[in-house]
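Down below is the structure, laid out as structure tokens.
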Amino acid sequence: MLKRHSKRPRTPRFAALTSRTASWSMNRRLAAGVAATAVLAGAAGLTAYLTADTDQPAAPPPPTSTSSSPSPTPSADGEGSGSPPKPPSTHDPVDFAKAAAGALWSYDTRRTTQPQHLAGLKAWMTHESKYTDWDSVASQVPDPTLWSRMHDNGQYATAKIAEGHMPQAFTKALGDNPGAITEAYVYAVTVSGKQSITWRGGGAGAEGRAITLAVQCRPDRDCALSGVSPRVAP
């Protein structure tokens with residue numbers, strides 16, 4: 001999206017594109033691993049919540065800054081660092097989910113093409129086809145046409161992660177039957193933070209973000225991303 005002449009500019013954001021996830025098939029949702037939590041005793045409520053279709057995703061808060069605001073502080077790995085960073089080496093699903101959310105909320109259309117950005121994100125995915133839903137992750141990224149317009153406007157985004165946690169329904173189900181997780185080792189993790197967006201001419205915006213991710217963490221390997229839930233679980 002492009003800068004608009006208004007008191008509160010409408011900043012392009014990945015959240016606006018997540019409505020595509022509402023078209024997930026049940027098989028793909030199961031593959032994502034989010035619905036795999038159904039193997040946990042008492043997890044039916046969480047599964048229904050995470051996989052339920054919605055006609056319209058909840059709208060994120062409006063940007064908190066205007067086009068006259070200064071640009072956001074660059075992230076630790078550098079302003080406009082290009083492709084997403086490599087996934088961290090960790091066995092902690094919350095730590096991994098926080099890093100993955102940061103990768104999903106950060107981009108630099110000035111230095112990276114849309115296919116390059118997607119290729120960087122694909123490196124975060126689990127290689128187990130039964131528990132991966134690449135479409136749910138790719139749908140977080142603007143399509144090639146929009147990406148091109150964002151490139152023309154010199155747009156990039158950085159992310160600051162506030163916190164991450166496993167949803168209450170998931171932790172309850174896991175506590176009721178801790179052995180059930182050993183089939184898929186897929187965990188639901190909700191992450192919150194802030195995305196700051198900058199574009200040519202001094203334009204900038206920022207907004208709070210939240211996302212629920214499905215993360216696979218088998219004991220013998222590093223964590224990997226399984227998919228993105230169409231809804232945010234508390």
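The values are calculated or read from the model by the stated rules, or taken from the named source; none is laboratory data. If you're wondering where the values come from, they're calculated on a predicted model, not measured in any experiment. Glycine also receives a Cβ, built like all others from the backbone with ideal geometry; neighbour counts cover every protein chain displayed. SASA here: full protein model, heavy atoms, side chains in, ligands and nucleic acids out. Shrake-Rupley method; radii C 1.70, N 1.55, O 1.52, S 1.80 Å.
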**Asked** Counting only residues 5 or more places away or on other chains, whose amide H sits under 5 Å from the amide H of residue 90 once H atoms are built in the peptide plane?
**Response** 223
**Message:** As a test question: what accessible area, to the nearest 10 Å², does residue 145 have when a 1.4 Å probe is rolled over all protein chains in place?
**Reply:** 100 Å²
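What length, rounded to one decimal in nm, is gained on full extension from residue 162 through to residue 122, with 0.36 nm per residue of separation minus their alpha-carbon distance?
Between residue 162 and residue 122, full extension yields 12.0 nm more.
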**Request:** Apply the Karplus parameterisation 6.51 cos²θ - 1.76 cosθ + 1.60, with θ equal to phi minus 60°, to every residue of the range 189-198 and state each ³J(HN,Hα) to the nearest whole Hz, in sequence, with x for glycine and proline.
**Result:** 9, 9, 10, 10, x, 9, 10, 10, 10, 10
**Prompt:** ³J(HN,Hα) across the range 175-180 via Karplus (A = 6.51, B = -1.76, C = 1.60, θ = phi - 60°), whole Hz, x for Gly/Pro?
**Reply:** x, 5, 8, x, x, 5
**Prompt:** Counting only the heavy atoms of the protein chains, how much of residue 165 is accessible to a 1.4 Å probe, in Å² to the nearest 10?
**Reply:** 60 Å²
**Prompt:** So what is the relative contact order of the range 158-223, in percent, for Cα pairs below 8 Å that sit 6 or more residues apart?
**Reply:** 34 percent
**Message:** Quick check for you: with a 1.4 Å probe and neighbouring chains kept, what is the accessible area per residue of the range 137-176, in Å²?
**Reply:** 45 Å²
**Request:** Mind giving me the FRET efficiency for residue 145 and residue 172? R0 is 45 Å, r the Cβ-Cβ distance, nearest 0.05 is fine.
**Result:** 0.55
**Request:** Could you run the Karplus curve 6.51 cos²θ - 1.76 cosθ + 1.60 with θ = phi - 60° over the range 205-215 and give me ³J(HN,Hα) per residue in whole Hz, x for Gly and Pro?
**Result:** x, 8, 7, x, 10, 8, 8, 10, 10, 9, 10
**Fill in**
Taking placed amide H atoms and a strict 5 Å upper bound, the residues 5 or more places from residue 187 or on another chain that come that close are 215, 216, 217
**Request:** For the range 148-234, with all protein chains present and a 1.4 Å probe, just round the carbon and sulfur fraction of the accessible area to a whole percent.
**Result:** 51 percent
